[in-house]
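I have placed the structure first, in the form of structure tokens, so that the comments after it can refer back to it.
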């Protein structure tokens, strides 16, 4: 194998696992987020508008408000489950980006062709290359060698044919983000 063009890694911690599942939820769970917000809003509206007894309105308001403010609760539950199953034995992963594939090492090793990736996402600290909803390569921006993140992103875009996204919680989405969400839902 030729010398890789880029290298990156991640040493997972409780924080990175939480962030990974949050990004997964923001990337693939937008319809679920929308449904949770709509049900929450409906419950709050029913509590305010309907003539239910006070105790019933309080319950509707409680559950509706919780659904509205607990945007990424499902992601936290999944991350907590994974953390408890692993009992604090979290992997470290290394990635070598070659001409035709990414070579992964950590809990084993494998080569992933670039065409297998289905989504590219980023946040302030990490880059995510999704193969499927439940299979993702997460790497720390600061671990990238050579350290040019913008050049790396262009390299990955060329190899995968995908574009990078900054996934957000539903309540932080702009009109552009909502339009992209509708396109994603149609393409499924």
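Values as computed for the structure displayed
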{"quantity": "Residues within the stretch 150-169 that are under 21 Å from residue 20 (Cβ atoms) and surrounded by fewer than 13 Cβ atoms within 10 Å (Cβ to Cβ), tallied", "calculated": "2"}
{"quantity": "Total residues in the stretch 39-72, condition part of a helix (DSSP H, G or I), under 24 Å from the mean Cα position of the chain (by Cα) and exposed (fewer than 13 other Cβ atoms within 10 Å of the Cβ)", "calculated": "1"}
{"quantity": "Unique match (being out of contact with any helix residue (DSSP H, G or I) (no Cβ under 7 Å at 6 or more places or on another chain), outside any helix (DSSP H, G or I) and surrounded by 13 or more Cβ atoms within 10 Å (Cβ to Cβ)) among 120, 112", "calculated": "112"}
{"quantity": "Members of the stretch 3-31 found to be farther than 30 Å from residue 179 by Cα and modelled with pLDDT under 85, listed by number", "calculated": "3, 4"}
{"quantity": "Answer from 149, 131 - the residue that is under 24 Å from residue 29 (Cβ atoms), modelled with pLDDT under 95 and touching a helix residue (DSSP H, G or I) at 6+ places or on another chain (Cβ under 8 Å)", "calculated": "131"}
{"quantity": "Residue within the stretch 88-100 that is surrounded by 14 or more Cβ atoms within 10 Å (Cβ to Cβ), in contact with a helix residue (DSSP H, G or I) (Cβ under 7 Å, 6 or more places away or on another chain) and assigned to a helix (DSSP H, G or I) present", "calculated": "no"}
{"quantity": "Residue match in the stretch 1-16 (condition: without any contact (Cβ under 8 Å) to a residue 12 or more places away in the chain, farther than 25 Å from residue 113 by Cα and surrounded by fewer than 14 Cβ atoms within 10 Å (Cβ to Cβ))", "calculated": "yes"}
{"quantity": "Given (1) touching a helix residue (DSSP H, G or I) at 6+ places or on another chain (Cβ under 8 Å); (2) at pLDDT 90 or above; (3) assigned to a helix (DSSP H, G or I); (4) buried (at least 19 other Cβ atoms within 10 Å of the Cβ), number of the condition residue 36 does not satisfy", "calculated": "(2)"}
{"quantity": "Boolean, residue 85 is in a helix (DSSP H, G or I) and at pLDDT below 90", "calculated": "yes"}
{"quantity": "Flag for residue 75 being in a helix (DSSP H, G or I) and within 23 Å of residue 180 (Cα to Cα)", "calculated": "yes"}
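The values are calculated or read from the model by the stated rules, or taken from the named source; none is laboratory data. Predicted model, so just to flag it, every value in this text is computed and none were measured. A quick note on method: Cβ atoms are made from the backbone with ideal geometry, for glycine too, and the neighbour counts reach across all protein chains shown.
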